[in-house]
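Working notes, beginning with the structure itself.
The values are calculated or read from the model by the stated rules, or taken from the named source; none is laboratory data. On a predicted model such as this, the values are computed, not experimentally measured, just so you know. Neighbour counts are summed over all protein chains in view; Cβ atoms, including those assigned to glycine, are modelled from backbone coordinates with ideal geometry.
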Amino acid sequence: MIRRLMLAGLTAGLILAGCSGVGTRQPTGRLAFERKENDNSDVYVMNPDGTGLTRLTDDPGWDGTPAWSPDGTQIAFSSERLGSPVIMLMNADGSDQRALTDASYASLMPTWSPDGTQIAFASTRTYEVQQQGGHQEVDGGFELWIMNADGSDQQRITGNPEDQSLYPSWSPDGKQLAFVEVTDKLRIMAQEPVQDAQATNLTDSVEGRHFTPAWSPDGRKIAFMSQQNNLADLWMLDVKSGETTHFSQPNSDDSEPAWSPDGKELVFMSNRDGPQSLYIMDADGQNVRRVTTDGAEYAHPAWGGK
């Protein structure tokens, strides 16, 4: 229930301008994603051209939000197989699946540090804060945490009982985390990956509820989705100037952008042709093409691997 509540609305997203077509460029890497069939979601991988579909997890519990390690040898993901969602790790071929967090609290949405040594994630784990005369335990909902890639040394990054934090995305230089701050609004923030650092609002000029920030490989842009009027659009933020660019297509819900390793393309999810499928476009919104056509529902793509 927690996972469904936090992910609700994120299938409305990124609406893209541009024309469909087949590019001449051959994308590198592989796609990892959630694929739902027969009311069960598991993590799959495939090539960016839609070939080589391979199932990596096979459990009655929901598995999703995959994230490639920088070297492409491992995938972190979320799973409900132990009850509450936990962060799990597996090899890129699906072998050696093991839990990194405790099922006594919910943990979702892993993202790797650029050097591959740490994983940031959102968690409902309680924490203590210093108060006059002692400590107070806080149970304020989802906050951002960081741990070593083996699950050790878990440290809280954000913490405010008045809001929640979701969808971390690590900058390529490792100096900042972009994330969704949930208050009376949902907006994209950025802060240093240290406890209680000052956060900066990146998307105050854009109306709507903002989700799923994705930092470009060169660190210059952040793709995100803004939902309003029951539809959502893709926006591109120039990190240095603060300028935003809006891509849209009427009457479709597109969401959850993820960059190609070379930063030239984005994969995203859309219902523009029926069920939630995966599409790829150039980073300027052109050359949009559908990747999956099998009728299954797809979500939360990640682009990496070898």
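Summary of values
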{"item": "Residue match in region 135-146 (condition: in a loop (DSSP other than H, G, I, E, B), in contact with a helix residue (DSSP H, G or I) (Cβ under 8 Å, 6 or more places away or on another chain) and at pLDDT below 95)", "result": "yes"}
{"item": "Residue satisfying all of: in region 172-192; under 18 Å from W259 (Cα atoms) and more than 16 Å from the chain's Cα centre (by Cα); surrounded by the most Cβ atoms within 10 Å (Cβ to Cβ) among these", "result": "G174"}
{"item": "Exclusive hit being crowded, with 17+ Cβ neighbours inside 10 Å and over 16 Å from the mean Cα position of the chain (by Cα), set D253, D273", "result": "D253"}
{"item": "Selected residue (criterion: nearest to Q118 (Cα to Cα)) from residues of region 190-205 that are out of contact with any Ser or Thr (no Cβ under 8 Å at 6 or more places or on another chain) and assigned to a strand (DSSP E or B)", "result": "T200"}
{"item": "Filtered residue count, region 215-252, keeping only those that are under 22 Å from T200 (Cβ atoms) and either touching a strand residue (DSSP E or B) at 6+ places or on another chain (Cβ under 7 Å) or charged (D, E, K, R) (or both)", "result": "23"}
{"item": "Selection within region 206-250 - assigned to a loop (DSSP other than H, G, I, E, B), touching a Pro at 6+ places or on another chain (Cβ under 9 Å) and either touching a residue at least 60 places away in the same chain (Cβ under 8 Å) or crowded, with 18+ Cβ neighbours inside 10 Å (or both)", "result": "S216"}
{"item": "Filter result for the condition that a residue is surrounded by 14 or more Cβ atoms within 10 Å (Cβ to Cβ) and either under 25 Å from F179 (Cα atoms) or modelled with pLDDT of 95 or more (or both), over T101, T126, T117", "result": "T101"}
{"item": "Region 278-290, residues that are under 20 Å from the mean Cα position of the chain (by Cα) and surrounded by 20 or more Cβ atoms within 10 Å (Cβ to Cβ)", "result": "L278, Y279, I280, M281, G285"}
{"item": "Qualifying residue in region 253-260 (condition: more than 22 Å from A190 (Cα to Cα), at pLDDT 90 or above and either of a type in the set (G, A, S) or not in a strand (DSSP E or B) (or both))", "result": "no"}
